[in-house]
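Scroll down for the structure; my scribbles are underneath it.
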Amino acid sequence: MGAAAESGQSARIVLLGPPGAGKGTQAQLLAARLGVPAISTGDMLRAAVAAGSELGRRVDSVMASGALVDDALMAEVVRERVAQPDTGKGYLLDGYPRTLPQAETLAGILAGAGQALDAVLLVDVPEDELVRRALLRGRGDDKEEVIRERLRVYREKTEPLIGYYRERGLLREIDGNRPVDEVTSRMFAVFGMDDGNGGAAG
Ligand code: B4P
């Protein structure tokens, strides 16, 4: 069931957190409950690489190194995606924004449409656990050296977004160092939804 769709309300949510925190794992479940699409910039970029498109050729080596794709290029990707018809009731952004300029781009997109974010969910997990999970996942960019670089980039470029969204009263912190279903329950609780197992979440 989709809460936003059911109630006729919209939901615009950002999932924030270090690489491997479980944003992608939670995004689909939460988006389905809210009745909005989960938009993962990481998945979109990986699909472009797999398809060998112009975008894919431009981002392939950047992603493989653990660096972030250029803000201007990401702005084009996201601007086009959130203009698609399936976003009428909102969307859940997984992995965007990742820098302060990206947060400003998103603010501009929202303001231009007369919209606002409802919440930013920060999923946090200690660094050793992040490395352990990524090594288990074994994606192409999940080599220890690349993971450490992604974590360094996260601290430098993405962590400042925590203060940015806290100042705006949007930040909700979720302990991501729990089993997957517990993390899901805690996220549902932020929106006053039960955990789908007959009990109240949280
Ligand atoms: P992403 O695809 O966003 O990947 P991620 O941050 O590494 O993973 P996520 O947090 O979603 O973790 P997951 O659920 O998979 O980014 C990849 C790259 O794309 C970036 O490095 C960058 O180059 C580029 N990119 C993307 N967006 C960009 C942007 N906006 N700007 C610039 N560049 C951008 O979980 C990880 C593992 O943990 C899984 O194996 C999962 O099964 C496991 N797991 C999840 N939850 C768990 C739990 N509770 N307990 C135990 N294990 C768990």
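Just so you know, all these numbers are worked out from the coordinates, no wet-lab data involved. None of these values were measured; they are calculated from a predicted model. No Cβ is skipped: glycine too gets one built from the backbone with ideal geometry, and neighbour counts run over all protein chains shown.
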Expressed in nm², what is the orientationally averaged projection area of the convex hull enclosing the Cα positions of region 71-134? 5.5 nm²
Over region 1-89, one equal point on each Cα, no solvent: what is log10 I(q)/I(0) by the Debye formula at q = 0.26 Å⁻¹? -1.35
Expressed in nanometres to one decimal, the distance between label points 7 Å along Cα→Cβ at Arg148 and Ala32 is 3.8 nm
Under unit Cβ charges (Lys, Arg +1; Asp, Glu -1), what dipole magnitude, rounded to 20 debye, does the chain have relative to its Cα centre? 140 debye
Calculate, axis by axis, the spread of Cα positions in region 91-175 along the three principal axes, and write the results as whole Å, longest axis first. 42, 24, 23
Using a Förster distance of 30 Å, the FRET efficiency for Arg57-Ala107 (Cβ separation, nearest 0.05): 0.50
Among Ala134, Pro19, Ser61, which residue has its Cα positioned farthest towards the positive end of the charge dipole of the chain, with +1 placed on the Cβ of Lys and Arg, -1 on the Cβ of Asp and Glu, and the dipole taken about the Cα centre? Ser61
Jot down the per residue volume, in cubic angstrom and as a whole number, of the convex hull over the alpha-carbon atoms of the chain. 121 Å³
Per-residue [θ]222 nm for the chain (sum of -39500 (n - 2.57) over DSSP H runs n ≥ 4, rounded to 500): -15500 deg cm²/dmol
Quick check on region 118-166: what are the equivalent-ellipsoid semi-axes from the Cα gyration tensor, as sqrt(5λ), descending, whole Å? 23, 12, 9
